[in-house]
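Step one of this worksheet: look at the structure below.
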Amino acid sequence: PALGLNPLSSQREALSSLRQHEAQLLMAVACPQFQDAFSKVLSRAEQWHFGRKEEAHEAGTLDDELLFLHWFAFLRIPELGFPAAGQVTCVSAKSLKKGDTLFACGSPFGSFCPDIFMNTLSKGVVSNMAGEENVLILTDARCLPGTEGGGVFAASDDGLELVGVIVAPLCWKANEWVGLTLVCAVDCILENIRNVLVRCGKFLEILCPPMQLVARPLGRLTASPGPVYHLLPAVVLVECGHVWGSGVMVNSRLLLTCRHVVNEASSVYVRIQPCPEKASLVKGKVVFATKDASPYDLAVVELQKSLLSFPKPVLASKFCAGEDVNVVGFGVFGQACGPSVTSGILSAVVTVDDKPVMLQTTCAVHGGSSGGPLFATHSGELLGIVASNTRDNSVGATYPHLNFSIPITVLQPLVAEYSRTGNLGSFQELDRACDRIQVVWRLQRKPREIQRSKL
Amino acid sequence: MFRNWDIARRNAGCVVSASSAPGTSVAPASPTQGPWSCSGIVLSHRPGIVLCHGAILSPFLVAAEQVDWSQRRVLLADSFSPDLRIQVLWPVENRSQAEGKILQDLEPSC
């Protein structure tokens, strides 16, 4: 109600298109599988908040949020009875993959101006998953307060199918907006409802009419995740003391990451995860890091041992503003689960002397994604190395959807030279970038006085 | 795909609100009386079954349940205030659209 919106249609006309029904509560059911996955992935120590930021500061709100996060209500509308046309098909989340396209459908602000906001859509991808049979899904489809309880759909050959229910549309971590949406797999909710019905026996049979409470397997998705899903094993977690970030393997021993991730160390630990069940820690030597004065925030790490197999990314040779892209990295969750995928478009290609020197995207990029790859969604080509998102320190706001990457075309000849000759001299060119490149990346520099923007 | 999407979403989405039934409480209106609202999904039209998030019901838990309810797997209607009123708001086009689809389905094909 505090929103200052002025509906264009009159309330009477608008509400005439809506019908209100009284509903009975059949049951409120917990989904402990979701709670288990949630508690493993989202540590309380990391100051997570769900809902509006101002609510996060109210005493006791966090506990309430967490206690009810995994509860769902199952309602019956007695008078809503006509043949089941267009019935929603529920499908299992088990076969979802990171990068799969998802559609979220909800009504922002709940009962406030439903004629305007009811059933609005957003599109995103499966950013990450956790728990048994992918009970916890994170998507970058943008949702607003009030969309809790709304549906998340996957587009398969059989049409749009309900795969999850929105649990928390906005996530705040340590007072920074993350912008991912927490979703609970609908098959798990239905399973818990079924179990209650079995336990309660006749009592609920009377209340709850017979209906299919089974999610069927997800069909073949029409919007497949594309090549990015297969490139995930090339993305590694780089740990250096308490600092961690992301990196991308460009050959079997060499990975690229950011200077600020290796943090002046001579060696780092690299967590390699070729598949969700397997992870190993390999020591790596920092063979090159740009100087603080360099506009390019880059480091090169050589592993002590070569990887036996990994999907070697194809390096892009050109960029097309507006093309679909994905950022992959260990932002937000670190090593609590595998890398997250976020989607967007290449929003800008900044050039100096007709050569790209900076890429900007609309993907959500969070702390910990630094050094991760920027991939072209459709070709899978490696476009760049993510260097930073944006923070306005004057208001304390982080903008995850405004971020900057080093174009791979800047690095490709240097990597090729090093791979061929073992000579690191070529990387030193990055320390000799011209003033015009320095100006483009000026937000990267440490400020002399008040930091206006942290990169 | 988007035609399918349109049909699916129009039939699926609703707004669920929970409040205390008017006139059932002698105390002045308090924030716990709501209304609280969230989105919901119509899983089935016949019978009318809606799934939504459970948090909107939390202000209506009866005092006796507030001690250890979080250890439980299910809460039935008697765990909530007897004056809990749940309403579902739903686009009326759904009905005509759905009925239209049924008529279309019933039409003899050439």
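Coordinate-derived values only; no laboratory data. Keep in mind the model is a prediction, meaning the values are calculated, not measured. A quick note on method: Cβ atoms are made from the backbone with ideal geometry, for glycine too, and the neighbour counts reach across all protein chains shown.
Things worth noting here:
- Only the Cβ atoms of Lys and Arg (+1) and of Asp and Glu (-1) were treated as charged; on that basis the dipole of the stretch A:354-450 about its Cα centre amounts to roughly 220 debye.
- In the stretch A:273-410, the inverse of the mean reciprocal separation of distinct Cα atoms equals 16.0 Å; this is its Kirkwood hydrodynamic radius.
- Amide H to amide H, with H built 1.01 Å from N, A:LEU315 comes under 5 Å of A:LEU382, counting only residues 5 or more places away or on other chains.
- When the convex hull of its Cα atoms is projected in every direction, mean area for the stretch A:242-351 (nm²): 8.1 nm²
- Remark on A:LEU218: its backbone amide H falls under 5 Å from those of A:SER92, A:SER95, a criterion applied only to residues 5 or more positions apart or on other chains, H modelled at 1.01 Å from N.
- Converting phi to 3J(HN,Hα) with the Karplus coefficients 6.51, -1.76 and 1.60 and the offset θ = phi - 60°, the stretch A:377-383 yields 4, 7, 8, x, 5, 7, 8 Hz in sequence order, with x at every glycine or proline.
- In this structure the amide hydrogen of A:ASP100, modeled in the peptide plane, comes within under 5 Å of the amide hydrogens of A:VAL126, none closer than 5 places in sequence on its chain.
- Couplings 3J(HN,Hα) for the stretch A:358-364, derived from phi with the Karplus relation 6.51 cos²θ - 1.76 cosθ + 1.60 (θ = phi - 60°), are 7, 10, 10, 9, 9, 5, 6 Hz, where x marks Gly and Pro.
- Links that overshoot a 20 Å alpha carbon limit, given the list A:LYS285/A:LYS305; A:LYS173/A:LYS291; A:LYS318/A:LYS355: A:LYS173/A:LYS291
- Taking θ as phi - 60° and the Karplus parameters 6.51, -1.76 and 1.60, the scalar couplings of the stretch A:299-311 work out to 9, 10, 10, 10, 6, 5, 9, 6, 6, 5, 8, 7, x Hz in sequence order, x denoting glycine and proline.
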